[in-house]
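What follows is a set of notes on a single structure, which appears directly below.
Since every read-out is calculated from the coordinates, none of them should be taken as a lab result. What you are looking at is a predicted structure, and each value in this text was computed from that prediction instead of being measured. We place every Cβ from the backbone using ideal geometry, glycine too, and count neighbours over all the protein chains shown.
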Amino acid sequence: MISFVNGKVIEKFSGSVVVDVGGLGYEVQLAATDFERVNLDAESRFYTYHHVREQAEDLFGFSALAAKRLFELLITVQGVGPKAALAILSLGEAEAVRSAIASADVAFVARASGVGKKTAERVTVDLRDKVGAPTYVPGHDLTTGAISNLAGDEALDALMALGYNLAEATEALAGIDPSLPTAKRVSEALKDRK
């Protein structure tokens, strides 16, 4: 399995990038939010999900480990394949999508290309208890996907690397000041767990 790719982005087209890793080019499909942020000739790292089918092998990439874990949860839902999961993650930052699912915001999830109302309902019902509590940010409307202050949260990624699932990591960081340095936030979350 290919866990991540790290290298220079040499091509960018139709929601995908080609990453040169030691002379070997990997085509990686990205969610719209990651695709918009990546620049040509920039060194980039993407956590990847390697999807193997009879006729093809695809790499789906994510700039944050939390987004990859959410993608992996999404594809466990009946009727949601990798393309639909990527479309759902393209609705906004991973934290906004996670929070929308946690708060059972069917209308938000149904805005994804190729995802109907029934599939969106199934996503929220199946994953609501698995993604942690919703995040409410004062002054932000959850349905617009405007939450971005927790996207790419290094403390969240660190806890997940230590074996926490997405819901546990989100819960462990709840109530810890997000302005603290990453190491301090992780330390506080681990201390509260004991």
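Values for this structure:
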quantity: Simple label model, 7 Å out from Cα along Cβ direction - L190 to H51, nm; calculated: 3.5
quantity: Assigned charges on the beta-carbon of Lys, Arg, Asp, Glu; the stretch 154-193 dipole about Cα centre (debye); calculated: 120
quantity: Gained length - S3 relative to S16, 0.36 nm times residue gap less alpha-carbon distance; calculated: 2.9 nm
quantity: Inter-site label distance for E27 and E154 at 7 Å from Cα along Cβ, in nm; calculated: 3.4
quantity: GNM result for the chain, Cα springs below 10 Å: residue of P181, P134, P82 fluctuating most strongly; calculated: P181
quantity: Three semi-axes of the equivalent ellipsoid, the stretch 154-193, Cα gyration tensor, whole Å, largest first; calculated: 14, 10, 9
quantity: Net length gained if the chain between R37 and A161 were fully extended (0.36 nm per residue, minus Cα distance); calculated: 42.3 nm
quantity: Reachable lysines from K83, criterion Cα separation under 27 angstrom, eight or more residues apart if same chain; calculated: K8, K12, K68, K117, K118, K130
quantity: Cα-derived Rg over Rh, computed across the stretch 65-144 with Rh taken as Kirkwood radius; calculated: 0.92
quantity: Counting DSSP beta bridges with both ends in the chain, the antiparallel % (nearest 5); calculated: 90
